[in-house]
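Working notes for the structure below.
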Amino acid sequence: MRAGLALTLRVAAAGSLLALSACSLLPASWGGSEKPKPAELQPDPKLLGVRQAWSAHVGKVDFPLAIAVSGNVAVVASGDGSLVGFDAATGREEWRGSAKAPIAAGVGFDGSTAAVITRDNELVTFVSGKEAWRQKLGALSYTPPLVAGARVFVLAGDRSVSAYDGGTGRRLWQQTRQGEPLVLRQAGVMLAVGDTLVVGQAGRLAGLNPLNGSVRWEAPIATARGINDIERLVDLVGRVSRVGDSVCARAFQAAVGCVDTARGQVVWTQRANGGEGVSGDAASVFGTESDGRVVSWRRDNGQRAWVNDKLLHRGVGTPLALGRSVVVGDEFGFVHLLSREDGTLLTRLATDGSAIAAAPTAAGNSLLVVTHNGGVFAFVPQ
């Protein structure tokens, strides 16, 4: 789940992306590479009855995975190129496929077509586990493709956006923009809101016409500051929280904010020091800070509702609002269910001991979790 603080340096002349160390983004108190001691776990109060329904195994997950769900099918991928469609209720394999190359981003899925992007810069689609088509891309991408409206949309690392015919793979349009010197090597923001394609570009949410890529509106959540490229880095990270026309997102290490996508206007922003996406409901937005604090903001005005500081330095990732809980995983393989009302611990779940590699995801009555070592776990209420 934690993609680290890896950045990419865009080289315009070569059109490629190079890895760049980002130690300068770490707090000085961390001493560079040495992390603080993680907080000791609280006793589990077991205030929620939750049991493991099933588990499975895929290959190691070493890329920004998003679990894709449509109906009762959940699609998971592993770094070696494998894709598996599971029945979310039973864990039965519905289908299995292979991209035949290591995966850089995925998965997108609309119930019929699944899509991933390989480290060879290829967009690959599948129907029932069988490859349908693949297209070479002009730039690396770390954001899962969006499969919607019989099209496949791609947000590249340089924040260009392109659309492909879902049946044939023919490119329909491409929107390019002046790229930032640095971008994050983790998933960005791309989703459909009504008839608008909403993407994250630098510190802005932008609403695009999905038919031709033209810009309908832009709403800034954060602006670049600082004196060098690293300090001026501003990028929106997935996942986001959408309730109707309200879309709330995080700008990496800068802010959390909400946008009214019907008007293309910012409702509020608050400074926040985190690198993971957010979740939420009609009343609240939930996120995690870089030091492990879990924060709840009021959705209407951005005021803080509560802060949980019991998971400091445990590498907690993107949360999930589920039932009366806020679900967060950590880098030790634990899944913590916190009270949505005040952030106190309700119960704790164990997996295989490796880091939670994807944001926890709801599928029907199941809570799905995937670990770095490739464990897939489904939990359900007692």
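The values are calculated or read from the model by the stated rules, or taken from the named source; none is laboratory data. Every value quoted in this text rests on a predicted model; they were computed, and no experiment measured them. Here Cβ is always computed from backbone atoms with ideal geometry, including for glycine, and neighbour counts include all displayed protein chains.
What do you reckon, is L345 touching a residue at least 60 places away in the same chain (Cβ under 8 Å), surrounded by fewer than 23 Cβ atoms within 10 Å (Cβ to Cβ), touching a Lys or Arg at 6+ places or on another chain (Cβ under 8 Å) and among the aliphatic types (A, V, I, L, M)? Yes, satisfied.
Taken residue by residue, the stretch 358-368 has at least one member that is more than 17 Å from D281 (Cα to Cα) and part of a strand (DSSP E or B). Filtering the stretch 275-297 to residues that are in contact with a Phe, Trp or Tyr (Cβ under 8 Å, 6 or more places away or on another chain) and assigned to a loop (DSSP other than H, G, I, E, B) leaves G275, V278. Return the residues of the stretch 277-298 that are within 18 Å of I221 (Cβ to Cβ) and either surrounded by fewer than 18 Cβ atoms within 10 Å (Cβ to Cβ) or over 20 Å from the mean Cα position of the chain (by Cα) (or both); say none if nothing qualifies. Matches in the stretch 277-298: R298 only. Take G108 and tell me if it is under 21 Å from V376 (Cβ atoms), in a strand (DSSP E or B) and in contact (Cβ under 8 Å) with a residue 40 or more places away in the chain. Yes, satisfied. Checking each residue in the stretch 348-374 for being surrounded by fewer than 20 Cβ atoms within 10 Å (Cβ to Cβ) and of a type outside the set (A, V, I, L, M) picks out R348, D352, G353, S354, G364, N365, N373.
Listed here are the residues, each with its yes/no results for (1) at pLDDT 95 or above; (2) in contact with a Leu (Cβ under 8 Å, 6 or more places away or on another chain); (3) within 23 Å of P38 (Cα to Cα); (4) basic (K, R).
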{"position": "R293", "(1), (2), (3), (4)": "yes, yes, yes, yes"}
{"position": "R298", "(1), (2), (3), (4)": "yes, no, no, yes"}
{"position": "G302", "(1), (2), (3), (4)": "yes, no, no, no"}
{"position": "V307", "(1), (2), (3), (4)": "yes, no, yes, no"}
{"position": "L322", "(1), (2), (3), (4)": "yes, yes, no, no"}
{"position": "V326", "(1), (2), (3), (4)": "yes, yes, yes, no"}
{"position": "A363", "(1), (2), (3), (4)": "yes, no, no, no"}
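Any residue in the stretch 187-194 that is exposed (fewer than 14 other Cβ atoms within 10 Å of the Cβ), modelled with pLDDT of 95 or more and more than 17 Å from Q135 (Cα to Cα)? Checking the stretch 187-194: at least one residue is exposed (fewer than 14 other Cβ atoms within 10 Å of the Cβ), modelled with pLDDT of 95 or more and more than 17 Å from Q135 (Cα to Cα). Going residue by residue through the stretch 164-182, is there one that turns out to be in contact (Cβ under 8 Å) with a residue 24 or more places away in the chain, β-branched (V, I, T) and closer than 25 Å to K136 by Cα? Checking the stretch 164-182: at least one residue is in contact (Cβ under 8 Å) with a residue 24 or more places away in the chain, β-branched (V, I, T) and closer than 25 Å to K136 by Cα. State whether the residues of the stretch 77-87 include one that is at pLDDT 95 or above, within 30 Å of D291 (Cα to Cα) and part of a loop (DSSP other than H, G, I, E, B). Yes, some residue in the stretch 77-87 is at pLDDT 95 or above, within 30 Å of D291 (Cα to Cα) and part of a loop (DSSP other than H, G, I, E, B).
Residue-by-condition table, conditions (1) surrounded by fewer than 16 Cβ atoms within 10 Å (Cβ to Cβ); (2) among the β-branched types (V, I, T); (3) farther than 21 Å from D165 by Cα; (4) out of contact with any Ser or Thr (no Cβ under 8 Å at 6 or more places or on another chain):
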{"position": "F86", "(1), (2), (3), (4)": "no, no, yes, yes"}
{"position": "A89", "(1), (2), (3), (4)": "no, no, yes, no"}
{"position": "G108", "(1), (2), (3), (4)": "no, no, no, yes"}
{"position": "T118", "(1), (2), (3), (4)": "no, yes, no, yes"}
{"position": "V127", "(1), (2), (3), (4)": "yes, yes, no, no"}
{"position": "A139", "(1), (2), (3), (4)": "no, no, no, no"}
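Residues in the stretch 231-268 that are in a loop (DSSP other than H, G, I, E, B) and at pLDDT below 95: E231, R232, L233, V234, D235, F252, Q253, A254. Of all the numbered requirements in (1) surrounded by fewer than 21 Cβ atoms within 10 Å (Cβ to Cβ); (2) of a type in the set (S, T, Y); (3) modelled with pLDDT of 95 or more, T143 misses one, and that requirement is (1). The residues of the stretch 133-151 that are part of a loop (DSSP other than H, G, I, E, B) and farther than 23 Å from V234 by Cα, listed by number, are L137, G149, A150.
Note on the stretch 152-181: residues that are under 16 Å from V116 (Cβ atoms) and in a strand (DSSP E or B) total 6.
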